[in-house]
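All of the numbers you see were taken from the coordinates with simple rules; none came from a lab. Note that the coordinates shown come from a computational prediction; the quantities given were computed from them, not determined experimentally. Heads up, the Cβs are rebuilt from the backbone with ideal geometry, glycines too, and the neighbour counts pull from every protein chain shown.
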Amino acid sequence: MRVTQNQRVAGTVIAIASAAIVLFAAARSGPESGGHTHGTHETPVELGQAVFADNCAGCHYTDSLETKKGPGLKALFQREVLPASGREPTAANVRSQIRDPYKDMPAFTGLPEAQVDGVVAYLKTL
């Protein structure tokens, strides 16, 4: 079966168009956001909830004190101490736990400050 010049050109155009679509979709999602743009949220709490869902929900419950991989975070700011570090539950200490964690939690040093602030704001609502 012979492939004509028109068929080769059409195949090339389809391949380029497909690659452009994939690259466009990847550029819109952003690598550190887990697929979300995190730019369309109206409040810091909404942003924080989305960031938490992408980065934290795999290890922490928000509606329970039970341990998943990490401690449950329900009523985190109403507790006497933070679960892992035993520090006072302040916004500064929670930010520190996100950036430079105590114990086994991975550090989230690549999150923009607005996203960390959003996670803190979200955790205050639990």
### Message
If I model a spin label as a point 7 Å beyond the Cα along the Cα-Cβ vector, how far apart are those points for Ser85 and Ala114 in nm?
### Response
2.5 nm
### Message
Can you compute the label reach from Thr125? Point 7 Å from Cα along the Cβ direction, backbone N cut-off under 19 Å, restricted to the stretch 45-61.
### Response
45-58, 60-61
### Message
Show me, for the stretch 116-121, the HN-Hα J-couplings you get by feeding each phi into the Karplus relation (A = 6.51, B = -1.76, C = 1.60, θ = phi - 60°), rounded to Hz, glycine and proline as x.
### Response
5, 4, x, 5, 4, 4
### Task
Would you please put 43-54, 91-102, 58-69 in order of how densely packed they are, using the mean number of other Cβ atoms within 10 angstrom per residue and starting with the highest?
43-54, 91-102, 58-69
